[in-house]
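Presented below is the structure to which this report refers.
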Amino acid sequence: MKIGELAKATNTPVETIRYYEREQLLPVPGRTDGNYRIYDDEHTQRLGFIRRCRSLDMTLDEIRSLLKFRDAPQDDCGEVNQLLDDHIGHVASRIAELKTLEKQLKALRLQCGGPESASACGILQELDTAALTPEPFGQHAGHVHGTLHGASAKRA
């Protein structure tokens, strides 16, 4: 099948498939005489595996490690267990960070009891005041630990 057919079959954008190829998560597909990429069932299965891992918010490096074990079914899966335990720990940390963020937002929301002029809005005043106070590195709006929404590098 061609890349568009693979994209449709797996509900994956074509550019994402190409990205996974560049990242060497998907094997290089064969080519037709017209130089079109041609994919088989293994590509479909592997892409499904990758997509499931991504839905669990795994990084590309974590997926790469899991694929290594998927490709060597005779190997001991102790490292797979450790990888998942580590990932669970990261998720738990992010949940704690998001709970802290929720508390901060709720406290900010309490700064304004109802409709007023924007000049009297407690939320805007609090945000202005906070803007004058430097935050620790990596704690700026929308970011947790220096990465967008806590996401690790190389997430797609």
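Summary of values
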read-out	value
Contacts under 9 angstrom Cβ, first residue in the stretch 105-120 being open to solvent by less than 70 Å² (accessible area, probe 1.4 Å), partner among the small types (Gly, Ala, Ser) and modelled with pLDDT of 80 or more, 6 or more apart	108/122; 112/120; 112/122
Test result for residue 40, closer than 12 Å to residue 3 by Cα, assigned by the TED database to the domain that holds residue 7, out of contact with any helix residue (DSSP H, G or I) (no Cβ under 8 Å at 6 or more places or on another chain) and not aromatic (Phe, Trp, Tyr)	yes
Every pair of residues 6+ apart whose Cβ atoms lie under 8 Å, when the first sits in the stretch 63-82 and is open to solvent by less than 90 Å² (accessible area, probe 1.4 Å) while the second is assigned to a loop (DSSP other than H, G, I, E, B)	63/25; 64/23; 64/24; 64/25; 66/58; 67/25; 69/75; 69/77
Residues of the stretch 19-36 satisfying the condition of being part of a helix (DSSP H, G or I) and either farther than 21 Å from residue 70 by Cβ or open to solvent by 40 Å² or more (accessible area, probe 1.4 Å) (or both)	19, 22
Residue 60 vs. criteria more than 24 Å from residue 17 (Cβ to Cβ) and hydrophobic (A, V, I, L, M, F, W, C)	no
Residues that are in contact (Cβ under 8 Å) with a residue 24 or more places away in the chain, out of contact with any Ser or Thr (no Cβ under 8 Å at 6 or more places or on another chain) and more than 30 Å from residue 92 (Cβ to Cβ), drawn from the stretch 33-59	36, 37, 39, 40, 43
Matching option when the condition is assigned to a helix (DSSP H, G or I), over 18 Å from the mean Cα position of the chain (by Cα) and among the β-branched types (Val, Ile, Thr), among 44, 16	44
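The values are calculated or read from the model by the stated rules, or taken from the named source; none is laboratory data. Keep in mind it's a predicted model, so treat the numbers as computed, not measured. Don't worry about glycine lacking a Cβ; one is built from the backbone with ideal geometry, like all the others, and counts go over all protein chains shown. In case anyone asks, the SASA skips ligands and DNA or RNA and just uses the protein heavy atoms, side chains included. Shrake-Rupley method; radii C 1.70, N 1.55, O 1.52, S 1.80 Å.
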